1. I'm trying to understand the selection: among the residues of the stretch 118-145, which are hydroxyl-bearing (Ser, Thr, Tyr) and over 13 Å from the mean Cα position of the chain (by Cα)?
2. Please verify whether residue 155 is polar (S, T, N, Q), over 19 Å from residue 51 (Cα atoms) and without any contact (Cβ under 8 Å) to a residue 12 or more places away in the chain, treating the condition exactly as stated.
3. Can you tell me which condition residue 155 does not meet? The list is (1) surrounded by 13 or more Cβ atoms within 10 Å (Cβ to Cβ); (2) assigned to a helix (DSSP H, G or I); (3) within 15 Å of the chain's Cα centre (by Cα); (4) not β-branched (Val, Ile, Thr), and all the others hold.
4. Can you tell me which residue among 91, 99, 148 is surrounded by 14 or more Cβ atoms within 10 Å (Cβ to Cβ) and either closer than 23 Å to residue 41 by Cβ or more than 15 Å from the chain's Cα centre (by Cα) (or both)?
5. Out of the residues in the stretch 129-140 that are modelled with pLDDT of 95 or more and not hydrophobic (A, V, I, L, M, F, W, C), state the one that is surrounded by the fewest Cβ atoms within 10 Å (Cβ to Cβ).
6. Scan the stretch 115-142 for residues that are touching a Ser or Thr at 6+ places or on another chain (Cβ under 8 Å) and acidic (Asp, Glu) and jot them down.
Amino acid sequence: MKKIILSVLIIAGISLSSCGNAEEKGKTKDNKSETSMASNDIEPGKVTQMDRQMFIDRVMNFEKNKDVWVYEGDKPCIIDFYADWCRPCKLVAPIMQELAEEYKDEIYIYKVNTEQQKELASIFGIQSIPAVLFVPMEGRPQMSTGALPKETFKQAIDNFLLKKEEENK
């Protein structure tokens, strides 16, 4: 009996830190379409909802550059792949907003609804959410999955995106 209870607790803990793909978990309750802002309407200090065209314009033109990563942005960015039904995603959302405010002059923070932007989710092989893509100005992006604490995000921003660690050496 103790093994069963322990197994249930472990499974519950895993499901709280990340969610499987939407096909397994079900559809969102709210299927109304989210509109993204035009590229020039990005508001500093805010998390911006991103669609396919904005991704092509501001992050990577995967139609033109099929085999090589070419970042299109003018600042590093974070892309939060999420779904409305995902509890861990709901925990990450306010952290992303706080980070957008704190780093408003240094990075962009975007969010991609994996239910509505399935093509973008498939390009990155998103199987579990939240999934967060860290995109530096130069070099390859890095993906992280699961609900991470704010301090972990800040370390990734400072060290990987902004290279602050290297400046202090």
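The values are calculated or read from the model by the stated rules, or taken from the named source; none is laboratory data. Every value quoted in this text rests on a predicted model; they were computed, and no experiment measured them. Because the Cβ atoms are built from the backbone with ideal geometry, glycine has one as well, and the counts that use them run over all protein chains shown.
1. Listed by number, the list holds a single entry, 122.
2. Yes, satisfied.
3. (3)
4. On the way: 91 fails: either closer than 23 Å to residue 41 by Cβ or more than 15 Å from the chain's Cα centre (by Cα) (or both); 148 fails: either closer than 23 Å to residue 41 by Cβ or more than 15 Å from the chain's Cα centre (by Cα) (or both).
Of 91, 99, 148, the one residue that is surrounded by 14 or more Cβ atoms within 10 Å (Cβ to Cβ) and either closer than 23 Å to residue 41 by Cβ or more than 15 Å from the chain's Cα centre (by Cα) (or both) is 99.
5. 136
6. Correct list: 115 only.
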